[in-house]
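Below is the structure I would like to discuss, written out as structure tokens.
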Amino acid sequence: MIWDWNIVKDVFPLIFRAMWLTLGLTLACYAVSLVLGIIWTLLRRAPWAWFRWTVNGVLEFIRSTPPLVQLYFLFYAWPLVPHVGVTLSPIAAAIIGLGVHYSTYTSEVYRSGIDAVDKGQWEAALALNFSRARTWTKVILPQAIPPIIPMLGNYLIIMFKEIPTTASIGVMGMMLTAKMYGAQHWVYLEPFTIVAFFFLLLSYPSSLFVQWLEKKMNRRFDKNEVLHEAKQKGVVV
Amino acid sequence: MTRPMVSYKNVRKSFGQIEVLKGVNLEIGEGEKVALIGPSGSGKTTLIRMLMTLEQPTSGVIEVDGTPLWHMEVNKKLVPANEKHLRNVRKNIGMVFQHFNLFPHMTVLENCTVAPIHVLGLSKKEARERAVEMLEKVKLGDKLDVYPSQLSGGQKQRVAMARALVMRPKVMLFDEVTSALDPELVGEVLEVIRELAHEGKMTMILVTHEMEFARDVADRIVFLDNGYIVAEGPPEQIFEYSSNERLKRFLSRFRLHSVYPLTTRSV
């Protein structure tokens, strides 16, 4: 088996075009997981124990099942379920499947951020007579979210690398494009190498960015550092 | 006494098996300054936390300006209050906390304008004017755009006071506001409270371990021990003439000087 640049020239544009679908799908799944994640987190704080228990059970179930199985179920089995079953396009099934799966993880991340906010902040918000909604939007979330941005960023990268599983239900991303090209022309080395190259090209800088973000956030929330900066500026002595 | 602003009627509070307040009756008049003193665990902080609606009484009724706080009247019967009722009564009350609880992600000015804007519905300009006025009153007019982490403890506590004052509550609660401060910073905070007290309009309830200060500022001292109000009266009577053994034992732990000659110290 020899590396053939002519094949590369032939297949590269196909995979490059498919990359946009992969990227778009990643962002769509990520958006679903971010929004749904915070909803789970808030539901898990409901005042009724039976409700929290149910939500936790559902989340545990979703988290403990492989995403591939969930994709197969959504795409092949869900349409056959009487009354509630609907037929989903591969892309819709992928967005729902991976979005919901990863929302169970982002929910944990949100929870850790919210738990880290000092109890006194809730009390101060209540003493100032904030409504519940304002307490969340003005006081709690602005403090809970920044420290967890790096962790959320990590899930973006992890999820991006999970997107090829959607090839199994027929999403024409980079993976399926390469596979079909291979099946047609009986060449696999170049297409899959290019796919791997694209994933590396996109995830590695992203992970560097997340690392940088993490350092920046840590510094922002290190009070001593802030105080140190303040001293240098002469705000406090 | 003028008309009652706050009244506790047979209020009890338990945390699990432990009853921290065992039937408290207390009336506080409009504009009155009351200092709650007593050993730790005596229930004095719980007493004001219930008034701030941070803790719900196990039984009994608390009224603010004639309106039940934790209850509302439906068909002439008292039923547990809903969130709307609580918010409506709560707007009369402000609180300053032991650990300041400033919002770290907001500047000093934002700390003092966020509630006026989003709770009282003031315009940004009005809120700013009010906040600046109060921050100048607590002598922090030059720190408007600074973040809390850049302030000393005493400065933080003064911001917290301004933040509560901009809401113009009828009743202000001070929960051991100097306990978390370095000794040299206590004075500046007490000075601000003293000035507020001398303005006279606001009803103030202070939980404090600063006996000198309580004696100086309060119209009335309430001594709690083990969940009961054991003694109450004007400062002079409490610090000088009380014959209550538990009170005398408690006061003997503090060194008190000047103002009144003390007879309670030798116990």
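Give me the net charge of B:Lys44's neighbourhood, meaning all other residues with Cβ under 11 Å from the Cβ of B:Lys44; Lys, Arg count +1, Asp, Glu -1.
Values: positive: B:Arg49; negative: B:Asp175, B:Glu176, B:Asp225.
After counting each charged neighbour, the total is -2.
So, one more: Starting from the Cα of A:Lys215, draw a straight line to each of the lysines and keep only those under 17 Å, dropping any in the same chain fewer than 8 residues away.
The qualifying lysines are A:Lys223.
Roughly how crowded by other chains is peptide B:96-107, in terms of the mean Cβ count from those chains within 10 Å of each of its Cβ atoms?
Per-residue shielding by partner chains comes out at 5.
Take the alpha-carbon centre of the range A:34-65, take the same for the range A:129-175, and report the distance between them in whole Å.
A separation of 16 Å, based on Cα centres.
Now a separate question. For the modelled label position 7 Å from the Cα of A:Ala133 along Cα-to-Cβ, which residues of the range A:26-49 have backbone nitrogen atoms closer than 17 Å?
Within reach of a label on A:Ala133, which here means backbone N under 17 Å from a point 7 Å along Cα→Cβ, the range A:26-49 contributes A:39, A:42-43.
Next up: In whole Å, what is the distance between the alpha-carbon centres of the range B:36-56 and the range B:73-127?
Going from one Cα centre to the other spans 19 Å.
5 Å is the cut-off here: which amide hydrogens, built 1.01 Å from N in the peptide plane, fall below it relative to B:Val24, excluding neighbours closer than 5 in sequence?
For B:Val24, whose amide H was placed from the backbone, the distant partners under 5 Å are B:Asn10, B:Val11, B:Arg12.
Greater than 28 Å separation of Cα atoms is the criterion. Which listed pairs, B:Lys13/B:Lys248; B:Lys77/B:Lys170; B:Lys13/B:Lys76; A:Lys138/B:Lys170; A:Lys119/B:Lys201; B:Lys13/B:Lys170, meet it?
Exceeds cut-off: A:Lys119/B:Lys201.
Give me A:Trp53, A:Trp40 ranked fewest to most by other Cβ atoms within 10 Å of their Cβ, as a rough exposure proxy.
The fewest-first ordering by Cβ neighbours comes to A:Trp53, A:Trp40.
Only helical DSSP H runs with n ≥ 4 go in: add -39500 (n - 2.57) per run for chain B, normalise by residue count and round the 222 nm mean residue ellipticity to 500 deg cm²/dmol.
Computed mean residue ellipticity for chain B: -9500 deg cm²/dmol.
Cut-off is 10 Å between beta-carbons; in what order do B:Glu126, B:Glu240 appear when sorted fewest neighbours first?
Ranked by crowding around the Cβ, least crowded first: B:Glu126, B:Glu240.
Ok, one more. Taking θ as phi - 60°, what are the ³J(HN,Hα) couplings along the range A:156-164 by the Karplus curve (6.51, -1.76, 1.60), each to the nearest whole Hz, with x for Gly and Pro?
Those phi angles translate into 4, 5, 4, 5, 4, 6, 8, 4, x Hz.
Follow-up. Starting at the first residue of the range B:26-31, write each ³J(HN,Hα) from the Karplus equation 6.51 cos²θ - 1.76 cosθ + 1.60 with θ = phi - 60°, in whole Hz, x for Gly and Pro.
Listing the rounded values in order: 7, 10, 10, x, 4, x Hz.
Now for a different question. Got the relative contact order for chain B handy, in percent, Cα pairs under 8 Å and 6 or more residues apart?
Relative CO of chain B lands at 23 percent.
Quick one: which residues, 5 or more positions from B:Met95 or on another chain, have an amide H under 5 Å from its amide H? H modelled 1.01 Å from N in the peptide plane, none for Pro or chain starts.
Amide H to amide H, under 5 Å and 5 or more residues apart or across chains, B:Met95 pairs with B:Leu173.
Starting from the 7 Å offset along Cα-to-Cβ, what nm value, one decimal, do you get for the label separation of B:Asn25 and A:Val69?
Placing both labels 7 Å beyond Cα along the Cβ direction yields 6.6 nm.
How high is the relative contact order of chain A, in percent, with contacts defined as C-alpha pairs under 8 Å that are six or more residues apart? Could you put the intermediate results ahead of the total?
Numbers: 227 pairs, mean separation 63.5, N = 237.
RCO, chain A: 27 percent.
Can I ask one more? Considering only DSSP beta bridges whose two residues both sit in the protein assembly as shown, what percent are antiparallel, to the nearest 5?
Antiparallel bridges: around 60 percent, rounded to the nearest 5.
Let me ask something else about it. Report, in debye and to the nearest 20, how large the dipole of the protein assembly as shown comes out about its Cα centre when Lys and Arg carry +1 and Asp and Glu carry -1 on their Cβ.
Dipole magnitude for the protein assembly as shown comes out near 660 debye.
Can I ask one more? Suppose each label sits 7 Å from its Cα in the direction of the beta carbon; what would the B:Glu195-A:Leu213 distance come out to in nanometres?
Simple spin-label model gives 4.5 nm for this pair.
Further, regarding this structure: Which listed residue (A:Ser64, A:Pro150, B:Ala164) has the Cα farthest towards the positive end of the charge dipole for the protein assembly as shown, taking +1 on Lys and Arg C-beta and -1 on Asp and Glu C-beta about the Cα centre?
A:Ser64
Amide H to amide H, which residues 5 or more places from B:Met5 or on other chains are under 5 Å from it, using H placed in the peptide plane?
Placed amide hydrogens put B:Ile28, B:Gly29, B:Glu30 under 5 Å from B:Met5.
Would you mind giving the mean number of other chain beta-carbons within 10 Å of the Cβ of each residue in A:125-137, as a whole number?
Values: counts 5, 7, 18, 18, 16, 5, 4, 2, 1, 5, 1, 0, 1.
Per residue, the number of nearby Cβ atoms from other chains is 6 on average.
Still on this model: Sort A:Tyr105, A:Tyr188, A:Tyr72 so the one with the fewest other Cβ atoms within 10 Å of its own Cβ comes first.
Ranked by crowding around the Cβ, least crowded first: A:Tyr188, A:Tyr72, A:Tyr105.
Still on this structure, please answer the following. Calculated from DSSP H runs of 4 or more alone, at -39500 (n - 2.57) each and per residue, what is the 222 nm mean residue ellipticity of chain A, nearest 500? All intermediate terms of the calculation are to be shown ahead of the outcome.
Details: 9 runs with 172 residues, N = 237.
Estimated from H runs of four or more residues: -25000 deg cm²/dmol.
Still on this structure, I have one more. Treat every Asp and Glu Cβ in the range A:5-233 as -1 and every Lys and Arg Cβ as +1, leave all other atoms uncharged, and give the resulting dipole magnitude about the Cα centre to the nearest 20 debye.
Working: 20 positive and 12 negative charges, 129 e Å.
Its charge dipole is roughly 620 debye.
In addition: Farthest toward the dipole's positive end in the range A:5-233, which of A:Leu208, A:Ile194, A:Ile39, given Cβ charges of +1 (Lys, Arg) and -1 (Asp, Glu) about the Cα centre?
A:Ile39
Throughout, read-outs are computed from the coordinates displayed, never taken from laboratory work. Predicted model, so just to flag it, every value in this text is computed and none were measured. Every residue, glycine as well, gets a Cβ built from its backbone with ideal geometry; the counts of neighbours run over all protein chains shown.
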